[in-house]
Amino acid sequence: ESFDQYNGSGWHSNAVPGVIDFIPLSEYYSQYSSLDILKIKMGINPNAGPTSMVLPSLFPYPYVMEDSFSAPNLVPGSPLLNKDNFNCSLIGLDFSSSDAVNLTFELFGENLPTEQDINGSAISLNLITGSAEYSSLLTQFTQLPPTVNDYINTNPYFKTHYNALDLLIGSNDNAYEIASIIKNYLQANFIFSWDAIMNDPAEDTEDVVEWFSEHGEGLFAEFTSAFVVFARAFRVPSRFVDGYRSVSMGQIDEVYDSQEGQNAILIKYKHLYNWAEIFIPTDITGNGYWIQFDIEPESASQGQFSLTINSNFSSGYRGGVANLTATLSSLESSVVNRTILFTDMLSGGTTIGQVLTDQNGQASILININNSQVVGPHPIVASFSTIASNTTAYVVYGDIEVNLLSVNPTLVNRSISNSTTIQGYVIDPIANQRVENATIEFVILDFGTNNKIANPFDTVYTNTDSNGNFNTITNVNPSVIRGNYEIRVDFNGSWSGVPLAFGVMSDSSSRIEFNVTEDASFDLLFTINGMPTDYPFVPVLGNLVNVKRSQQLNLSVTVLDEISKTPVAGENVEFYDFTKGDVLIASNFTDSNGLAWISYNIDNSHVSGPNLVYVKVSKNSNYSYYIVNESIQISSISFSNPLEIDIAGTGPTQFNVQCNLVDFFGNQIIYSDLDLRMNNSVLDYTAYLTPVNPVNPITPGSNSFNFNRGILPTTPLKNYTLLLEFNGNFDFSSYPYLATFNIPSLYNSTELARDLRVYDDNDVQIYLFINGSSTREVYDKFNPPWKDYLNNNFVNFSVNITHNNLAPLEDSDPPEYVTIWDDYTSIFPTLLDNHTFTSGNNGIHDFIIDTTSFYVGIHKIRVQFMNYPTINTTFIIINGTVSFNFNPVISEIQRDSIGFNVSGYVESGTGLRGLRVSLQIFNSFGVNSSQYILGSRTTTTDSDGYFQFDISSIDRDCPQGAYYIRIDFNGSIFLNEVPGINFIPNYMINTSSLLVPLNITAGTIIIQDGYHTKSGLAPTQWINTDVLYVYGNFTWDNITSPIANANLTVSIRWLNGTIIDINNTVETNALGQFNVTFVIDDQWPEYRSQTEIWVEFFPLQNKNFPYVEESSLKFS
């Protein structure tokens, strides 16, 4: 993109865009075939809908190929190409989504003139007499704020360089020669660098070219801005350009594109670039042409300068002088008077000095190697801006001291940790400076000697930090045996591990006492009554000692040295009982064979089942179990009262049993489980319990159990024996010696003192008869429900109730009763009657119900005994006529278009459910035309009497015209319930609704055949006085026949719909064809892409087309 206006802080564009043509393939082959076509592939993030963006193109004209644009989601159609008068191209595209895509298109560019061509055609600026056009061009493209002279005089740094250039530019130079002198001057006197921009950027109100002139360095944008401003100051029309180039740092990124099957050049953000465009006058009137002009600074590529550095001093003691010489070289640029910076990189970097290069590009500096120079290596960096640098180094010899400040801890118990921290520092006592990066060695010596222990730590060497300190956490290696030692820190003349002064400089620190110890470790061979333990493996039940109370156990252990496996005498052995609370039983010392033992009496305090004991010597332990083989009992049993379950759920639904598990002496049996079983006689019904899993103690380590149980609904009704079982299971997963046991010999069980009663409180039977006929669960046409006509007043409902689990009904206290309901009368059921049983009823009663007030339709009669869930139901039908209540219906619908619905209610004082209704339509002659309805035409009313027919559309073969809707009830009933009524046809009096009008309209279709101009010239333009022909066909929406003698309106419009020309009397012929002509005049725009062709049909303007819809078409 090019920019013409400079305001001091940046560039702005006053370019005006205009529409241009794409290049057809035929034009390319006839005029430009010698030029290569390039394919551009670029990622974009478009908007959904029209998207406008700057298009990459070539100078000086965007030759973009027609129909070459391709991308996913790109809407077909002609893109709109624009170009401003600075040659910037914009493209308008239309996308169906905002997804990121790759856009490709093709273009080519002209062969640009060579330097010789340009210089040969240019004339001296002094020879130009000018013209109005050239004066306007000068005004626009030599503008500086506020004027050229004011700009020069108000910017002193710029003026200094302007005056220097004025001495170089001749009075007879042409525009190209002047531009070349300015370019060479900038390249010789300014540096490509980030430094000034990063450290002292231009203020918001500061002129960027004046800033550049002051600092003497910048990037592409600063170089190009300065060039354009200097060129304008010398009356060379010029402008600033933003864009991309294929070269970055002297390199071209070329890759193989597998999709295209050829090499491609990558253009990335790093290829952003700035250059200039200048105008070259070629005759005295100022005619000429624009060219591109590159001002790339010579220092923009790191490879254009190189720097070497040498020193006459590589290593030695203080007292000498180091002469450092840096040499700057370049094949293309001057190396004279360049600033070389020398830096000593010790302690983060200290500037030694800055020196300007001589005629040979050399800069030298002297450094006194005196007492201020700390011992050790000094890396010296010589640098030319950020463009080139190099490094050398020298080493200063002298005294050095290693100071050991602390070792923490000084006693390492390897049984706990091998770690210790060693702290101190290294110093140059002459320069009084700490020494950084000095390599030191951590040494362990036998106490009071110079005997070094080999490989003492996992970290033996380290380097001092930038402050000369060391603070290192290190671990004593296992090879260092227990003993008394000393730690010392040595320096042997190395820095960062490199022996720069090995044999010349060394020092050792003072010593700090250091001791290494560890707990003794043993193998413990533990036995009970001579039976070895299985520890640490899973204990085998058959290997465990079984014992009775009052008997004695022998606990013995042989202690061996873990390494030598020899017996250890004189070690104190402790014997513990973990099961009894981890209590110490006794202790004993090992004899000369490493053996220690005790006798352990088993008394009433030892719990029945597995018991865990262990031995301990120092930090070492070993474990074993033994079994106290005494009975285990289930005690303290309690349970629900009453102990019963009601399957119906109206009574108890769960029962509870609680108990404890103990041995004969009341010792708690912990970490075990219990089963609860349910039996009847010899049969096991435990599977009917929920849940059936064993129960663990209420809390881990407890001996209390709590069973909450229910039963399955399918459980047989009877009494059951409940049995608590202990199966000898123990789970010691929380013990230090993990184990689980099943000991069948400890099995025990206990029956509860009371049986569990399982009953069904809803075991009620209700028998119902209507006028002597028994009820059915489902009625159908062979067994229809009872039907009565209006004014037949009474129906007899006979009820007989039995209850298997309760006393006779007439003997109940309080008295029991039965009710009869009509469930379909309203939102809530209506109580029709009730009866309380008295002595002698035997659960039998006749309800005589008056149906005079019943509405027409289906009634659901329900009989219920008290509040029990058991009911009996039946249906009766009151026969009579019904009425219809329509919801508003659409008054007009176009055939073969949208769907609609017809809804309403069937009523007789209230909404009537279960009635089968159908939808019919009739034409104006009364002929049934329901076959044109697409969708279900029958439905059943819901509980409110509501019906709804969902029609997908009217068939497109339906003739347009006036129609009428009618809803029919043919007496059929259907209730999809249980109990319910299967479909029964014609069971009630037939009724039809009133007719509701519905107009059905037809659609029309305008078909584009095409359009063309008489001349056939300029297919993208309208030519004045040329004739345009527009033609097509007009037919019905069902394409059964063309529409003849119809008036159409054809118009030519701007894209915003404004009419350019119109003909509203276009009539179709007998075949439905139309053809209209327009004469193009000066009111028409130049380009066809700015217009649209509309064809419209308005039925109200056509008397012979009632019930017909409007239609229109935009020609493409």
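Data table
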item: Karplus 3J(HN,Hα) series, Hz, for region 661-678 with 6.51 cos²θ - 1.76 cosθ + 1.60 (x for Gly, Pro); result: 10, 9, 9, 4, 9, x, 5, 6, 8, 10, 6, 10, 9, 10, 10, 10, 10, 10
item: Inter-part distance where region 852-892 and region 406-444 are each reduced to a Cα centre, Å; result: 100
item: Whole-Hz couplings from phi, Karplus 6.51/-1.76/1.60, listed for region 496-505; x for Gly and Pro; result: 6, x, 9, x, 6, 9, 5, x, 9, 10
item: Förster radius 25 Å - calculated FRET efficiency between Gln668 and Gln552, Cβ distance, rounded to 0.05; result: 0.55
item: Cα convex hull of region 838-981, projected area averaged across orientations, nm²; result: 11.8
item: Residues whose placed amide H lies under 5 Å from that of Asn872, excluding near-sequence neighbours; result: Val863
item: Equivalent-ellipsoid semi-axes of region 501-581, from the Cα gyration tensor, Å, largest first; result: 50, 15, 13
item: Cut-off of 10 Å, at most 10 other beta carbons, DSSP loop: longest stretch of the chain lacking such GluC sites (Glu not before Pro); result: 333-776
item: Distant-in-sequence amide H partners of Ser640 (H built 1.01 Å from N, under 5 Å); result: Asn656
item: Under 16 Å from Lys565, Cα to Cα: aspartates and glutamates that are on another chain or at least 8 residues apart; result: Asp523, Asp591
item: Out-of-range pairs (alpha-carbon distance over 24 Å; input Lys41/Lys270; Lys548/Lys616; Lys787/Lys860; Lys39/Lys1114; Lys781/Lys860); result: Lys548/Lys616; Lys39/Lys1114
item: Percent of alpha-carbon pairs separated by more than 17 Å within region 1004-1115; result: 53
item: Extension reserve of the Glu513-Glu401 stretch, reckoned as 0.36 nm per residue once the Cα distance is removed; result: 38.3 nm
item: Residues in region 434-468 reached by a label modelled at Ile563 [backbone nitrogen below 20 Å; 7 Å Cα→Cβ]; result: 444-447, 452-458
item: Given charges at beta-carbon only (K, R positive; D, E negative), |dipole| of the chain in Debye; result: 1900
item: Helical mean residue ellipticity (222 nm; -39500 (n - 2.57) per DSSP H run of 4+; nearest 500) of the chain; result: -2000 deg cm²/dmol
item: Nearby aspartates and glutamates by direct alpha-carbon distance to Lys1014 (threshold 12 angstrom, same-chain neighbours under 8 apart not counted); result: Asp1026
item: Inter-label distance, nm, simple model (7 Å from Cα along the C-beta direction), Ile37/Ser1015; result: 2.9
item: C-alpha center-to-center spacing [region 302-375, region 667-745] in angstrom; result: 92
item: Those lysines that a straight Cα-Cα span of less than 26 Å connects to Lys159, excepting residues fewer than 8 apart in one chain; result: Lys183
item: Rg in Å to one decimal, and Dmax rounded to a whole Å, for the chain via C-alpha atoms; result: 54.4, 143
item: Taking only Cα atoms of region 645-759, radius of gyration then Dmax in Å; result: 15.7, 51
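Coordinate-derived values only; no laboratory data. As the structure is a computational prediction, the values presented were derived from the model and not from experiment. Note: ideal-geometry Cβ built from the backbone for every residue, glycine included; neighbour counts use all protein chains shown.
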